[in-house]
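Every number here is computed from the coordinates shown, using simple stated rules; none is lab data. Quick caveat, the model's predicted, so the values are computed rather than measured. Cβ coordinates were reconstructed from backbone atoms using ideal geometry, including for glycine residues, and neighbour counts include every protein chain displayed.
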Amino acid sequence: MEGRDVVVVNQSLLPHRFAILKLRDHRQTANAIKTMIVRGAGTIGAAAAYGMAQAYLEGTDLNEAHHTLLNTRPTAADLKVVAFDYVLRGDYFDADKWLTKMLEWAPNDSDGWYHLGRTKYTENRFAEAISAFQQCLKLDLKNVKAEDNLGLSFAGLGRNDEATAAYQQAIAWQAQSTAKYPGPYIDIGNLLIDENRPQDALTFLLQATEIARGDSRAHELLGKAYTRLEELPKAQAELEKAIELSPQTPNLHCMLAPVYRKQGLAEKAKIEFDRCAALAGSQSVSETPRL
């Protein structure tokens with residue numbers, strides 16, 4: 001303590017920034033514990049003890065202060081908020097840690113299991129992602145996003161038959177829905193292209209573009225399928241649409257350039273090759289995680 005102030009490190013900013021906070025009274029100290037500015041059992045215990053000292057120096061009723069500090073222990077919902085903050089920062093290691101802890105306190109939180117699965121998948125820990133998505137589906141039957149992501153995780157392990165079954169199940173579950181989720185249509189289309197079955201992929205990818213006209217990924221994969229089938233004008237149209245929707249994505253320009261070149265559009269091809277090189281040199285090409 002410094003005088004009546006409790007001095008703490010703002011742990012919510014770590015490891016990206018180091019900042020010191022001065023907590024002026026026991027209520028600020030209690031709030032710092034509640035909002036997880038202060039973390040870890042030892043640090044929380046010390047902060048609560050200093051909070052009681054603050055209350056004594058303030059002349060506050062100690063029973064009231066004790067009640068306030070006693071009820072500041074973070075809840076499972078608080079841990080989930082912290083985990084999501086780490087996801088937004090791209091810190092999946094810490095997101096994984098906090099989601100795992102949260103689920104120890106709230107094992108029936110299906111949304112928590114879904115996001116743990118997404119985090120594990122992003123970390124390329126596919127077997128653990130499968131377990132998380134399966135747990136989510138036990139708690140939330142016919143969760144289309146979880147089933148689709150289960151398929152992605154199977155595909156990550158090269159278990160393509162199981163991946164296909166999961167995508168088809170996710171599609172079947174929303175057959176009667178007016179507002180469909182495009183994920184399984186896109187993902188099964190991508191898998192079929194990888195298996196050199198572009199004609200089969202078209203059926204699903206065309207449906208995906210009808211469901212989500214603004215999804216650049218669906219148009220990108222359609223362009224890829226049409227390129228494999230040597231239907232170059234259609235490939236050109238789909239890749240141009242994908243670029244219209246996502247102009248800063250390098251690989252789209254890299255894909256469109258040879259399509260132009262094969263059609264004898266040399267100047268357009270050069271522009272796209274140059275754009276591809278410029279964007280690839282200035283940013284990561286990694287895909288944005290699906291939530």
Could you give the alpha-carbon Rg of region 1-145 over 2.2 N^0.38 Å, rounded to two decimals?
1.25
Quick check: the angle from helix 216-228's long axis to the longest principal axis of the chain, C-alpha only, nearest 10 degrees?
30 degrees
Proxy exposure order for 136, 254 (fewest C-beta within 10 Å first) is 254, 136
For residue 200, net neighbour charge (Lys/Arg +1, Asp/Glu -1) across residues whose Cβ lies under 12 Å away:
0
Over region 122-175, relative contact order from alpha-carbon pairs under 8 Å, at least 6 apart, %
35 percent
R0 = 35 Å: FRET efficiency of residue 268 with residue 93, Cβ-based, nearest 0.05?
0.20
Take the Cα atoms of region 182-291, build their convex hull, and give its volume per residue in Å³.
93 Å³
Return one number: the angle in degrees, 0 to 90 and rounded to the nearest 10, between the long axis of the Cα atoms of helix 92-105 and the longest principal axis of the Cα atoms of the chain.
60 degrees
Just add up the charged neighbours of residue 22: K/R +1, D/E -1, any other residue whose Cβ is under 11 Å from the Cβ of residue 22.
-1
Rg(Cα) / (2.2 N^0.38 Å) computed for region 135-187, rounded to two decimals
1.06
Pull up the cross-link candidates among the aspartates and glutamates for residue 241, meaning alpha carbon to alpha carbon under 20 Å and not fewer than 8 places away within one chain.
187, 210, 215, 220, 230, 231, 267, 272, 274, 287
Counting other beta carbons within 10 Å of each Cβ, put 52, 102, 1 in order, fewest first.
1, 52, 102
Quick one: net charge around residue 223, please, counting Lys, Arg +1 and Asp, Glu -1 for every other residue with C-beta under 14 Å from its C-beta.
-2
Express the relative contact order of region 6-70 as a whole percentage, based on alpha carbon pairs under 8 Å and six or more residues apart in sequence.
31 percent
Compute the convex hull volume of the Cα atoms of the chain, divide it by the residue count, and report the result per residue in Å³ as a whole number.
153 Å³
List the trypsin sites (Lys or Arg not before Pro) within region 183-259 that fall in a DSSP loop (any state other than H, G, I, E or B) and whose Cβ has at most 16 other Cβ atoms within 10 Å.
213
What does the extension gain come out to for residue 159 and residue 229, with contour length at 0.36 nm per residue minus their alpha carbon separation?
22.6 nm
What is the spread of the Cα atoms of region 75-173 along each of their three principal axes, largest first, in whole Å?
38, 24, 19
List, in the order given, every pair from 22/120; 234/268; 101/180; 34/145 whose Cα-Cα distance in the structure shown is over 28 Å.
22/120; 101/180; 34/145
